[in-house]
């Protein structure tokens with residue numbers, strides 16, 4: 001019930017946000033955010049075989065968004081070179097084909113009534129996947145990579161920004177830098193814990209009760225990430 005309420009609230013909020021992003025789509029950052037918005041909305045309804053494809057598409061697009069946001073501040077000329085005009089669609093095309101590949105050519109998660117959730121092993125809870133029949137290595141590598149790459153981008157961004165501000169002799173933004181660093185730590189922690197938690201489900205045999213609880217934690221972390 002909580003999930004239904006939260007998703008309904010987010011969907012309502014997505015409507016004005018989507019229109020706002022669409023009006024500003026000339027900016028590469030807003031193109032990326034609008035794309036992520038559409039994928040997020042689709043992921044709520046298009047479950048089954050394409051569930052993981054949508055998740056990996058969205059999180060891969062988050063990487064490009066993070067890179068765009070960082071270099072736009074640190075080096076606007078570099079941001080223009082890679083993301084100006086239709087060049088943004090090139091990166092989105094790569095992300096889209098990556099998601100299509102995952103949806104069609106990798107093992108999907110299946111719904112199991114034992115834990116009332118999705119799992120790669122449909123017999124989770126009474127038949128162990130000892131020979132890794134249901135393991136999706138692409139999913140594991142993807143989640144682990146996202147957990148490492150995305151926080152690293154934001155940490156490097158902060159370090160470069162700190163170095164740049166020191167080079168200019170500016171001390172007026174110190175409080176903003178502190179708040180920015182706190183935000184970076186929170187974002188990095190959410191991605192690190194959430195992605196590694198989902199990646200661990202394939203290799204660690206949690207009890208059914210613990211697995212269900214961890215799934216809830218993972219979902220809540222995903223919601224915090226989207227906020």
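The values are calculated or read from the model by the stated rules, or taken from the named source; none is laboratory data. What you are looking at is a predicted structure, and each value in this text was computed from that prediction instead of being measured. All Cβ positions, glycine included, derive from the backbone under ideal geometry; neighbour counts span all protein chains shown.
Just a yes or no: is a residue in segment 106-114 at pLDDT below 70, touching a helix residue (DSSP H, G or I) at 6+ places or on another chain (Cβ under 8 Å) and assigned to a loop (DSSP other than H, G, I, E, B)? If you could, list the steps in order and put the result at the bottom.
So the first thing to find is which residues in segment 106-114 are at pLDDT below 70, and the list is none.
No; the residues of segment 106-114 include none that is at pLDDT below 70, touching a helix residue (DSSP H, G or I) at 6+ places or on another chain (Cβ under 8 Å) and assigned to a loop (DSSP other than H, G, I, E, B).
So is residue 22 farther than 25 Å from residue 159 by Cα and free of Cβ contacts under 8 Å to residues at least 12 places away in the same chain or not? Before the answer, list the steps.
Details: farther than 25 Å from residue 159 by Cα: yes; free of Cβ contacts under 8 Å to residues at least 12 places away in the same chain: no.
Criteria not met by residue 22.
May I ask you to list the residues in segment 12-45 that are touching a helix residue (DSSP H, G or I) at 6+ places or on another chain (Cβ under 6 Å), farther than 26 Å from residue 103 by Cβ and not in a helix (DSSP H, G or I)?
Selection gives 24 alone.
Suppose we filter segment 50-88 for residues that are outside any helix (DSSP H, G or I) and within 30 Å of residue 104 (Cα to Cα); how many remain? Break it down stepwise before answering.
Restricting attention to segment 50-88, the residues satisfying the condition of being outside any helix (DSSP H, G or I) are 75, 84-86.
Keeping just the survivors that are within 30 Å of residue 104 (Cα to Cα) gives 86.
So the count comes out to 1.
Does segment 63-79 include one or more residues that are surrounded by fewer than 18 Cβ atoms within 10 Å (Cβ to Cβ), farther than 15 Å from residue 164 by Cβ and over 19 Å from the mean Cα position of the chain (by Cα)?
no
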